[in-house]
Amino acid sequence: MRLTNGVLLLATVGFLAADEPKKDDAEALKGNWTVVSIKSGGQEAPAEDVKKLKFSFDGKAYTNAVGDEVVEEGGYTIDASKMPKTIDFDIKKGQDQGKKQLGIYKIEDNKLTIIAAQPGSTERPKSLQPAASDAMLEVVLERVKP
């Protein structure tokens, strides 16, 4: 009987440990990401261009690079309490320097999906599945494994 109770206790502890909450979104976002796909207005970007793109988030700042060249950088803030969750970019370097870009996001396993309005727009995307007629940018990223 004692052995059975011990086994049940260990199984319960193991089950609870497996169900511990994941890292909060701020931590989960940190790191380096490669781009899997980009769509704008329902049109896919060419695969040969997409595979050169990299994103990096450090908790406050982000960089976008093509190969080894940083093409955009700035700050970002997230609000994981909203549904859908929001992400706002403050572009400090690049072609849209000085503009804000409003977006929404989701993190699933090692994939990050960001739907963003055009830089400078005051309209935030409403859905993680924008219609082809929307002028939203859909970026799917995959975490770079160390």
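The values are calculated or read from the model by the stated rules, or taken from the named source; none is laboratory data. Everything numeric here is computed off the predicted structure, so don't read it as measured data. Methodologically, a virtual Cβ is constructed for each residue, glycine included, from the backbone with ideal geometry; neighbour enumeration extends over all protein chains shown.
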- Message: Exactly one of these conditions fails for T77: (1) out of contact with any Leu (no Cβ under 6 Å at 6 or more places or on another chain); (2) crowded, with 18+ Cβ neighbours inside 10 Å; (3) modelled with pLDDT of 95 or more. Give me its number.
- Response: (2)
- Note on the structure: Residue pairs qualifying under the 7 Å Cβ cut-off, at least six apart or on distinct chains, with the first in segment 75-91 being farther than 15 Å from P119 by Cα and of a type in the set (K, R) and the second being part of a strand (DSSP E or B) and modelled with pLDDT of 95 or more, are K85/I78; K85/D79; K85/I104; K85/Y105; K85/K106
- Do you know which of the residues in segment 80-101 that are hydrophobic (A, V, I, L, M, F, W, C) and under 16 Å from E27 (Cα atoms) is surrounded by the most Cβ atoms within 10 Å (Cβ to Cβ)? I87
- Note on the structure: When (1) modelled with pLDDT under 95; (2) more than 15 Å from the chain's Cα centre (by Cα); (3) within 26 Å of E123 (Cβ to Cβ) are applied to A26, the one that fails is (2)
- Message: Looking only at segment 44-80, count every residue that is farther than 21 Å from P146 by Cβ, more than 15 Å from the chain's Cα centre (by Cα) and part of a loop (DSSP other than H, G, I, E, B) and tell me the total.
- Response: 2
- Taking segment 108-135 and the residues there that are among the hydrophobic types (A, V, I, L, M, F, W, C) and at pLDDT below 95, the one that is nearest to the chain's Cα centre (by Cα) would be L128
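Assess whether I104 counts as being in contact with a helix residue (DSSP H, G or I) (Cβ under 6 Å, 6 or more places away or on another chain) and crowded, with 16+ Cβ neighbours inside 10 Å. Reasoning before the result, please.
On the way: in contact with a helix residue (DSSP H, G or I) (Cβ under 6 Å, 6 or more places away or on another chain): no; crowded, with 16+ Cβ neighbours inside 10 Å: yes.
No; evaluated as a whole, the condition is false for this residue.
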- Note on the structure: Of the residues in segment 107-134, those that are aliphatic (A, V, I, L, M), surrounded by 12 or more Cβ atoms within 10 Å (Cβ to Cβ) and assigned to a loop (DSSP other than H, G, I, E, B) number 2
